[in-house]
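What follows is a short report on a single structure.
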Amino acid sequence: MPGVLPAGEPVPVDGSLPAAATRAVGASGFGVYVHVPFCASRCGYCDFNTYTAAELGGGASRETYADTVLAELTLAARVLGDTPPSRVDTVFVGGGTPTLLPPDDLARILDGIDRVWGLAADVEVTTEANPESVGPATLKELRSAGYTRISLGMQSAASGVLAVLDRTHRPGRAVEAAVEAREAGFDHVNLDLIYGTPGERAEDFAASLDQVVAAGADHVSAYALIVEDGTRLAARMRRGELPYPSDDVAADRYLAAEAALGAAGFSWYEVSNWARSGAARCRHNLLYWTGADWWGLGPGAHSHVGGVRWWNVKHPTAYAKRLADGRSPGLAREVLTPDEAYTEDVMLRLRLADGLPLAALDDAGRAAAARAVADGLLAAPAHAAGRAVLTLRGRLLADAVVRDLLP
């Protein structure tokens, strides 16, 4: 997981949760996130909880990783033993590069989740993948194992941009992998883009968008480059080797994405995400954005059940050792206060195309929403119908709009 883990109270050795948190597990949906921390190489912009073989040291390996994750799943089953979710609606395997694990291991993890909690008949099962880590054979194996959706890290179609980001796949490989995934029978294919990289030209990003559309993907995630402390990219910028990203350029790129994707039949449903249809939306991420429950398996993974949020130890070796010792890998947890839950609900739901009911805001928030309509940041028709929905200009200033709506 990205960033520095927040402070919190210790997680009990057995991983148990307060009784109040488990009274209605999965009432608003239940997902499982599986973190795979392995990467063949580290990208210069990445500060996620990932490790190359040289960085891992002893005590953790790809070969035993599936068994370690299944051990945490056994613990999770005990914790929710008397109050399990009625079904698992979504599974998302992220990383890192999950497809560095053999397809058989990814299949075993999915089968374990099914045996413990049961997969819904229409379950959405996603794996992330780097384009060079999959091919026609592995994609067919993953599809046969029950994976329905794949998210490929394309980032850019321009070789110069990929070089700045330290991406190792060649330009064009992501498009090839997307086509191969479709041919393997995946229901949904996402391509990830990053815009605003130093040296990226407008025509570079336009070409990336054109290739995404041509690849037949039905979902696109596009994010402005964020320079994280401690990364190689940040160090290069501090030394003056590269300029820092420009907010104005990022806004121009976002508008270009909206125009190109809209013309190709995509619609935004979250500020950074577009889909060709309602069925193509990422249901797992929607669970996060709407405050549902999920269990995160793996080092550094976060979970949320009934207003309790916790996170695992970050290093794979420490994670494996805790489970081998019969202990929860949870590092710390927090119980959200009503004010914290309200803030997160407003912050996340406002980023969705559905927005949020004005009735969910307090008096000051509703007054701020009216001002935002007058400023062209919230849509007037939706406001008249009782909802706060961002306009295109509002999406560019989403964080500022959220701040105005909150106490």
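The values are calculated or read from the model by the stated rules, or taken from the named source; none is laboratory data. The structure displayed is predicted, hence computed values, not measured ones. Here the Cβ positions follow ideal geometry from the backbone for every residue, glycine too, while neighbour counts run over all protein chains shown. The protein model used for the area step is the full one, side chains on, heavy atoms only, and it has no ligands, DNA or RNA in it. Shrake-Rupley method; radii C 1.70, N 1.55, O 1.52, S 1.80 Å.
Here are some notes:
- Share of alpha-carbon pairs per 10 Å distance bin for the chain, given as whole %: 5, 21, 31, 29, 13, 1, 0
- Within the chain, helix-based [θ] at 222 nm, where runs of 4 or more DSSP H residues each add -39,500 (n - 2.57), nearest 500: -11500 deg cm²/dmol
- Given a 1.4 Å probe and the protein chains as shown, R236 ends up with an accessible area of around 70 Å².
- For region 1-141, diffusion coefficient by Stokes-Einstein and Kirkwood Rh (Cα), 25 °C, 0.890 mPa s, µm²/s: 146 µm²/s
- Between S86 and R239, the contour length at 0.36 nm per residue exceeds the Cα-Cα span by 49.7 nm.
- Estimated at the nearest 10 Å², the accessible area of Y288 is 60 Å² with a 1.4 Å probe.
- Two-site label geometry, E9 and A163: point separation in nm, points 7 Å out along Cα→Cβ: 5.4 nm
- Subtracting the Cα-Cα distance of D345 and D362 from their residue separation scaled by 0.36 nm leaves 4.8 nm.
- Note on surface exposure: E132, E228, E180 rank E132, E228, E180 by accessible area, highest first, 1.4 Å probe.
- W117 contributes about 20 Å² of solvent-accessible surface, heavy atoms of the protein only, 1.4 Å probe.
- Probe 1.4 Å, protein heavy atoms only - accessible area per residue of the chain in square angstrom: 41 Å²
- Applying 0.36 nm per residue to the separation of A385 and R23 and subtracting their alpha-carbon distance, the gain on full extension is 126.9 nm.
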